[in-house]
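Single-structure report; data block below.
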Amino acid sequence: MTKLKVPFNAEQFIQTVTGAALGSGLVPEGLYDFVAERGEQPMIVVACAPRTGSTFLSNVLCQLTGLKYQRLCSAYSTNEHDLYLPALCIMNPVGCVSQLHMKGTYHNAALLRTFGLRPVILVRNIYDILVSLMGDVRRKEEMPGFEAGMNGYSFIWLDSQLIHNDDERLLDALIDLALPWYVNFYVSWQRLCRQRAVEAKWVTYEEMMANKEETLRAILEFVGARQVRPFSDEVLNKKFFTFNQGGSGRGEAMLSEAQKARIRRLFSYYPDVDFSGYGL
């Protein structure tokens, strides 16, 4: 985590944390005016499913706004990335961009409301996600800490028994082990938005790749961020890490009809949810 010199009001922090504890883990509204303290420097929260281009999006938002990238979560690596009250208090006066693999829980919704934050929810065609996830899982075998749980995801344990399967069998495993997380991620945010517990902007990988500048302008307007740097081909066409591997439409060709049917079956348990963001 980048070390930043930021204003820190100890009395305010203690009051907020104490109030949160007394409020059954939720921050009581009206305890402190965080929005007024933040001024014109927003905290941009990208709630994302893995392998959706979130690294590209968060890096570009940092470049366009001049904001720092900073984690606002309580855990790293394989753990869930829930919003973390101390991090929110510390970063609130200066603003930041944060990308988090977090589900739409009432805890997160309460913190988003208290700090006046409107998240951007990033999703992608689910067939393409699974193919991209398979490639990422194979790459992680070369990283330090493989098989010790240090390089992976909260929803799947990675070790040689899984990695050494052929592509078809590895995709079968990801459908069984990883896909339920993606279902719950999507449904949880849909539920919160439907209940008006949060106000969010849904963005798909496909629309972002088709028209980056238009999509980014809409995101900046939604979160109330000032654009301090102009758009440029260098920024918009830069590929951060491996976000663009397994491009759009690849999953449709690689997955078998039987695998697609199993995927659709998992989503069928929520017939009232529009899964068009996942391409279903």
Which residues in segment 54-69 have a backbone N closer than 17 Å to a point placed 7 Å from the Cα of LEU236 along the Cα-to-Cβ line? 56-65
Per the 1/(1 + (r/R0)^6) rule, R0 = 41 Å and r from the Cβ atoms of GLU147 and ALA36, FRET efficiency to 0.05 is 0.25
Taking 0.36 nm per residue of separation between ARG139 and LEU280 and subtracting their Cα-Cα distance, the length gained on full extension comes to 48.0 nm
Report, by chain and number, residues whose modeled amide H sits under 5 Å from the one on TRP202, excluding near sequence neighbours (fewer than 5 apart, same chain). ILE121
Would you work out if segment 48-130 is rounded, prolate or oblate? Take a ≥ b ≥ c from the square roots of the eigenvalues of the alpha-carbon gyration tensor; rounded if a/c is under 1.5, else prolate when a/b is larger than b/c, oblate otherwise. oblate
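If you take all C-alpha pairs in segment 79-121, what percent of them are over 13 Å apart? Write out the running numbers ahead of the final one.
Values: 501 of 903 pairs.
The proportion of pairs with Cα distances above 13 Å equals 55 percent.
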Ignoring ligands, DNA and RNA, what accessible area per residue does segment 112-226 give at 1.4 Å, in Å²? 43
In Hz, Karplus ³J(HN,Hα) per residue of segment 250-256 (6.51, -1.76, 1.60; θ = phi - 60°; x = Gly, Pro): 5, x, 4, 7, 7, 7, 6
Take the solvent-accessible surface of the protein heavy atoms, probe 1.4 Å, and return the percent of it on segment 112-269 that carbon and sulfur atoms account for. 48
Non-local amide H neighbours of VAL97 (under 5 Å, H modeled in plane, Pro and chain starts lacking H): which ones? ILE44, LYS68, TYR69, GLN70
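The values are calculated or read from the model by the stated rules, or taken from the named source; none is laboratory data. Keep in mind that this is a model prediction, so the values were computed, not measured. Note: ideal-geometry Cβ built from the backbone for every residue, glycine included; neighbour counts use all protein chains shown. In case anyone asks, the SASA skips ligands and DNA or RNA and just uses the protein heavy atoms, side chains included. Shrake-Rupley method; radii C 1.70, N 1.55, O 1.52, S 1.80 Å.
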